[in-house]
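The values are calculated or read from the model by the stated rules, or taken from the named source; none is laboratory data. What you are looking at is a predicted structure, and each value in this text was computed from that prediction instead of being measured. Virtual Cβ from ideal backbone geometry, glycine too; neighbours counted across all protein chains shown. Keep in mind that these areas ignore ligands, DNA and RNA; they rest on the heavy atoms of the full protein, side chains included. Shrake-Rupley method; radii C 1.70, N 1.55, O 1.52, S 1.80 Å.
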Amino acid sequence: MEQFDFPFPGRELADQELTYDMCYAKIQEEDRAVIVESAWQKGCRAAEKVFAEENGNMDFAEIVLKSGLKLVEKDIDYVVGGQRYFSDYISGKKCINLYVRSVKKWAEQNKLTYKQAVNLILSHEYFHFLEVTKLGLTSREYQVPMVRFGKIVIGKTGIHALSEIGAHGFARTYYDLWYQQEKGRSIDEGESEL
């Protein structure tokens with residue numbers, strides 16, 4: 001069994017992820033650690049459930065298709081404003097766009113095979129699908145005022161980064177569960193752990 005570095009942020013980077021949100025300054029300081037942990041744990045719990053339901057299957061292309069989603073592979077390197085995008089989940093169309101050239105570059109940078117990279121990226125997007133269809137949007141679990149004039153608040157908005165943190169927690173936990181399963185199989189078959 002091969003081992004590879006996991007390029008998604010781990011729990012230790014989830015707090016940093018929150019700081020990237022446009023509404024970060026509006027989040028009460030005492031709430032920050034709590035909402036990050038809540039989002040991360042939501043992703044972890046969802047991963048544990050899906051992993052059990054899928055009997056440890058790590059083929060997210062198969063899981064995505066079996067869930068009624070369409071997987072659209074676009075042969076482009078999708079870069080906007082200096083940011084490279086690998087995929088996106090389009091809820092209204094029940095599809096995930098996978099930007100093949102972007103994924104290939106990311107895989108190469110992280111010493112992954114294309115299939116490994118696709119599995120990790122699709123697992124992340126699958127969490128967003130679960131948010132829309134089963135879990136509820138993690139980004140809406142904590143809201144801040146859109147505009148505030150003294151004590152007057154006009155509108156509220158969620159924190160997008162919380163959905164990303166949940167998706168990272170899902171992808172990381174699912175991979176860790178799969179890795180432990182494969183490690184156990186290797187030991188059971190008398191192979192070396194490495």
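Taking the Cβ of Ser67 as the centre, find all other residues whose Cβ is under 15 Å away and add up their charges (Lys, Arg: +1; Asp, Glu: -1).
On the way: positive: Lys49, Lys66, Lys70, Lys93, Lys94, Lys134; negative: Glu53, Glu54, Asp59, Glu62, Glu125, Glu131.
Combined, the nearby Lys, Arg, Asp and Glu give 0.
Find the relative contact order for the chain and round it to a whole percent, using C-alpha pairs within less than 8 Å whose residues are 6+ positions apart.
Values: 267 pairs, mean separation 60.5, N = 194.
For the chain, the relative contact order is 31 percent.
Tally the DSSP beta bridges in the chain and give the antiparallel ones as a percent, rounded to 5. Don't skip to the answer; put the middle values down first.
Working: 13 of 18 bridges.
Of the beta bridges lying entirely in the chain, close to 70 percent run antiparallel.
How would Trp178, Trp40 rank on accessible area, largest to smallest, probe 1.4 Å? Before the final figure, lay out each step's value.
Details: Trp178 50, Trp40 20 Å².
Putting Trp178, Trp40 in descending order of accessible area: Trp178, Trp40.
Return the FRET efficiency for the residue pair Asn55, Cys95: r is the Cβ-Cβ distance, R0 is 25 Å, and the value is rounded to the nearest 0.05.
0.50
Hey, of (i) 22.9, 81; (ii) 15.3, 47; (iii) 18.1, 68, which did the structure itself give for Rg and Dmax of the Cα atoms in Å when calculated?
(iii)
Once phi is turned into θ = phi - 60°, what whole-Hz ³J(HN,Hα) does the Karplus curve with 6.51, -1.76 and 1.60 give for every residue of the stretch 74-83, x standing for Gly and Pro?
10, 7, 9, 9, 8, 10, 10, x, x, 9
How big is the antiparallel share of DSSP beta bridges in the stretch 16-103, given as a percent to the nearest 5? Working shown, then result.
Numbers: 7 of 12 bridges.
Within the stretch 16-103, antiparallel bridges account for around 60 percent of the total.
For a quick check of understanding: with a 1.4 angstrom probe and all protein chains in place, what accessible area in square angstrom does Leu135 have, to the nearest ten?
Leu135 has an accessible surface of roughly 70 Å² with all protein chains in place.
Could you sort Asp59, Asp75 by accessible area so the largest value comes first, with the probe set to 1.4 Å?
Working: Asp59 45, Asp75 90 Å².
Of Asp59, Asp75, the descending order of accessible area is Asp75, Asp59.
Would you tally the net charge around Ser139, using a Cβ to Cβ cut-off of less than 10 Å, leaving Ser139 out, and scoring K and R as +1, D and E as -1?
Numbers: positive: Arg140; negative: Asp21, Glu131, Glu141, Glu164.
Taking every other residue near Ser139 into account, the sum is -3.
Could you compute Rg(Cα) / (2.2 N^0.38 Å) for the stretch 16-84, with N its residue count?
On the way: Rg = 17.2 Å, N = 69, 2.2 N^0.38 = 11.0 Å.
Here the Cα radius of gyration is 1.57 times the empirical estimate.
Here are some pairs, Lys66/Lys183; Lys49/Lys70; Lys70/Lys115; Lys70/Lys183; Lys26/Lys111; which of them have Cα atoms lying more than 28 Å apart in this structure? Don't skip to the answer; put the middle values down first.
Details: Lys66/Lys183 26 Å; Lys49/Lys70 22 Å; Lys70/Lys115 17 Å; Lys70/Lys183 32 Å; Lys26/Lys111 38 Å.
Lys70/Lys183; Lys26/Lys111, as the Cα separations exceed 28 Å there.
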